[in-house]
Amino acid sequence: MKILVLNAGSSSCKYKLFNMDDHSVLCQGLVERIGDPTTGCLTHKIAPDTAKEEKISLEEPFKDHAVALNKVIELLTDAKKGVIKDTKEISVIGHRVLHGGYYQTQPALVDEACKKTIRDAFPLGPLHNPPNYTGIEVAEKLFPGVPNVAVFDTAFGMQMPEEAYTYALPKDLCKELQIRRYGFHGTSHTYLTHRGAAFMHKPLEEFNCITLHLGNGSSLGCVKNGKCIDTSMGLTPLEGVVMGTRCGSIDPAIVPYIMDQKGLSAKEVDTIMNKKSGLLGLCGQTDLRDMHRLADQENNADAILARKILIRSFKKQLGSFFFLLEGHVDCLIFSAGIGENDAKVRAGVVAGLESVGICLDKAKNETRSGDERDISTADSRVKVLVIPTNEELQIALTAQDVLAKSKKA
Ligand code: ADP
């Protein structure tokens, strides 16, 4: 079975075609600058990350997503370099959709009701849901007869109990405006949970873990018996830990204070919190590697402080989830750009936690690898794993599952 995964952004579109027999990637690519009348760029890789990898780069304008996707289809079905003969070979298309809104708890086969759900959630995901929706509509036209599945990034967080997702604000106001903790990076947390349970040889329903998706945007998930019981991001991806350019959780009263003192609009303060804060605001860098360089080689005080604040923020969130699980934690799972690569941050986050059963193996932590691995000591009660995330594969697996269930129904 072949499954295409699409992630349509406002001016870009990522795609990956999986052979589900062995989960191998037949091809993948990225179209950028969609909508720019002067230029656009498409990078297409056949058999990526294998000895047979072949790369094709094109530079031409892509007026809209339909033009871009048409070009992708040409490449997929090209007589010489194509990986399929006909788009009908694709069993289902899985779409990444940011927000499922207040009511959508599960991934869904795309029909009129599902499309309405995505449209209704435009105000909750104003940057992502509209282009995600466009991607679905274009796919429906260009891949006739191929079913589409919407995989919502909020679905993981929709498993949370009421006491986890409810904010202590006036009840009616929250209901009216659909304010609740939604949580994001859900597809990644889901993937990590499943892989973590498999790694630990535990049935999903008995598996407890804390997932640390630490990248440019970062969030932690708290999983009990295979289900999300809490997550650090909230109504938007701004809440939670300190990130590359986002401040994470702050005293909410800071917002009206800045607005009053500086005469700024809500939108302007929102931009400060989302785009100019976090590591960037603290030390002028968004990339952790640059922050480490400044801290370690130049002894830069801002970078040294930024690193302390970042690690402390991850640790505080980890601690609160550890308590929510009452210490019954099978493993911590580090993932994404920082979690998979940054041994210093991992060591900092779990430093001194031996008394609660979390013991890092220094040498294992510092060994670089792209594999799923255990970096804790043999006698660590709580295992510490590094699992490279794979959101596209999770979308493909979910789409496969939704399709199978729809056929049974
Ligand atoms: P996102 O998908 O949220 O944009 P990523 O998951 O790619 O972000 O993570 C980006 C972060 O990961 C950056 O802060 C970067 O410094 C860090 N990172 C990526 N590769 C490495 C590496 N080899 N060593 C240390 N940090 C890394």
Checklist entry - Any idea which of Asp330, Asp361, Asp371 is within 30 Å of His95 (Cβ to Cβ) and modelled with pLDDT of 95 or more? => result Asp371
Checklist outcome for this item: Checked Ile3, Ile46 against criteria (hydrophobic (A, V, I, L, M, F, W, C) and either under 19 Å from Glu391 (Cβ atoms) or open to solvent by 40 Å² or more (accessible area, probe 1.4 Å) (or both)); the one match is Ile3
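Does Asn132 satisfy the condition of being under 18 Å from the mean Cα position of the chain (by Cα), at pLDDT 95 or above and crowded, with 20+ Cβ neighbours inside 10 Å?
Working: under 18 Å from the mean Cα position of the chain (by Cα): yes; at pLDDT 95 or above: yes; crowded, with 20+ Cβ neighbours inside 10 Å: yes.
Taking the combined requirement at face value, the residue satisfies it.
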Checklist entry - Give me the pairs: first residue in the stretch 198-223 and within 24 Å of Gly240 (Cα to Cα) and open to solvent by less than 10 Å² (accessible area, probe 1.4 Å), second residue within 16 Å of the ligand (Cβ to nearest atom) and of a type in the set (Asp, Glu), beta-carbon distance under 8 Å, and six or more apart or on different chains, which are they? => result Leu214/Asp342
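Being buried (at least 22 other Cβ atoms within 10 Å of the Cβ) and of a type in the set (Lys, Arg) is the requirement here; does Arg96 meet it?
Numbers: buried (at least 22 other Cβ atoms within 10 Å of the Cβ): yes; of a type in the set (Lys, Arg): yes.
Against the criterion (buried (at least 22 other Cβ atoms within 10 Å of the Cβ) and of a type in the set (Lys, Arg)), Arg96 qualifies.
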Checklist entry - Here are some residues: Ile311, Ile304. Which one is closer than 14 Å to Lys344 by Cα, more than 16 Å from the ligand (Cβ to nearest atom), of a type in the set (A, V, I, L, M, F, W, C) and in a helix (DSSP H, G or I)? => result Ile304
Checklist outcome for this item: Across (1) on the phi < 0 side of the Ramachandran plot; (2) surrounded by 15 or more Cβ atoms within 10 Å (Cβ to Cβ); (3) not β-branched (Val, Ile, Thr), Asp36 clears everything bar (2)
Checklist entry - Looking only at the stretch 345-392, which residues are more than 24 Å from Met243 (Cβ to Cβ) and touching a Ser or Thr at 6+ places or on another chain (Cβ under 7 Å)? => result Gly357, Cys359, Asp361, Lys383
Item to check | Pair list, Cβ < 7 Å and 6+ apart or interchain, from the stretch 62-83 residues that are among the polar types (S, T, N, Q) to residues that are part of a loop (DSSP other than H, G, I, E, B) | outcome: Thr77/Ile84; Thr77/Lys85; Thr77/Asp86
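Here's the yes/no breakdown for (1) under 26 Å from Arg96 (Cα atoms); (2) more than 16 Å from the ligand (Cβ to nearest atom); (3) over 18 Å from the mean Cα position of the chain (by Cα):
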{"site": "Thr187", "(1), (2), (3)": "yes, no, no"}
{"site": "Leu192", "(1), (2), (3)": "yes, no, no"}
{"site": "Ile210", "(1), (2), (3)": "yes, yes, no"}
{"site": "Gly215", "(1), (2), (3)": "yes, no, no"}
{"site": "Gly244", "(1), (2), (3)": "yes, no, no"}
{"site": "Ile254", "(1), (2), (3)": "no, yes, yes"}
{"site": "Thr271", "(1), (2), (3)": "yes, yes, yes"}
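Just to be sure, is Gly145 open to solvent by less than 60 Å² (accessible area, probe 1.4 Å) and either modelled with pLDDT of 95 or more or not charged (D, E, K, R) (or both)?
Values: open to solvent by less than 60 Å² (accessible area, probe 1.4 Å): no; either modelled with pLDDT of 95 or more or not charged (D, E, K, R) (or both): yes.
No; evaluated as a whole, the condition is false for this residue.
Determine whether His44 is under 20 Å from Asn7 (Cα atoms), without any contact (Cβ under 8 Å) to a residue 60 or more places away in the chain and not aromatic (Phe, Trp, Tyr). Full working, then the answer.
Numbers: under 20 Å from Asn7 (Cα atoms): yes; without any contact (Cβ under 8 Å) to a residue 60 or more places away in the chain: yes; not aromatic (Phe, Trp, Tyr): yes.
For His44, the condition - under 20 Å from Asn7 (Cα atoms), without any contact (Cβ under 8 Å) to a residue 60 or more places away in the chain and not aromatic (Phe, Trp, Tyr) - is met.
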Item to check | Total residues in the stretch 3-58, condition more than 23 Å from the chain's Cα centre (by Cα), within 21 Å of Ser91 (Cα to Cα) and in a strand (DSSP E or B) | outcome: 1
Checklist entry - Can you find a residue in the stretch 163-175 that is under 16 Å from the mean Cα position of the chain (by Cα) and open to solvent by 10 Å² or more (accessible area, probe 1.4 Å)? => result no
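Those residues that are among the polar types (S, T, N, Q) and open to solvent by 50 Å² or more (accessible area, probe 1.4 Å), I need them from the stretch 299-317; list them, please. Walk me through it before giving the result.
Taking the stretch 299-317 first, the residues among the polar types (S, T, N, Q) are 299-300, 313, 317.
Correct list: Asn299 only.
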Checklist entry - So Ala295 clears everything in (1) open to solvent by less than 60 Å² (accessible area, probe 1.4 Å); (2) under 24 Å from the mean Cα position of the chain (by Cα) except one condition, right? Which one? => result (2)
Checklist outcome for this item: When every residue in the stretch 375-392 that is closer than 15 Å to Cys209 by Cβ and out of contact with any helix residue (DSSP H, G or I) (no Cβ under 7 Å at 6 or more places or on another chain) is compared, the one most open to solvent (accessible area, probe 1.4 Å) is Arg381
Next on the checklist: Going by what's in this entry, would Ser406 be described as open to solvent by 20 Å² or more (accessible area, probe 1.4 Å), touching a residue at least 12 places away in the same chain (Cβ under 8 Å) and among the polar types (S, T, N, Q)?
Outcome noted: yes
Checklist entry - Given the stretch 328-407, what helices (runs of 4 or more DSSP H) lie entirely inside it while holding 3 or more residues that are more than 16 Å from the ligand (Cβ to nearest atom)? => result 362-366
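The values are calculated or read from the model by the stated rules, or taken from the named source; none is laboratory data. Model, not experiment: these values are computed from the prediction. Reconstructed Cβ throughout: ideal geometry from the backbone, glycine too, with neighbour counts over all protein chains shown. Accessible surface is based on the protein model in full, side chains and every heavy atom, while ligands, DNA and RNA are left aside. Shrake-Rupley method; radii C 1.70, N 1.55, O 1.52, S 1.80 Å.
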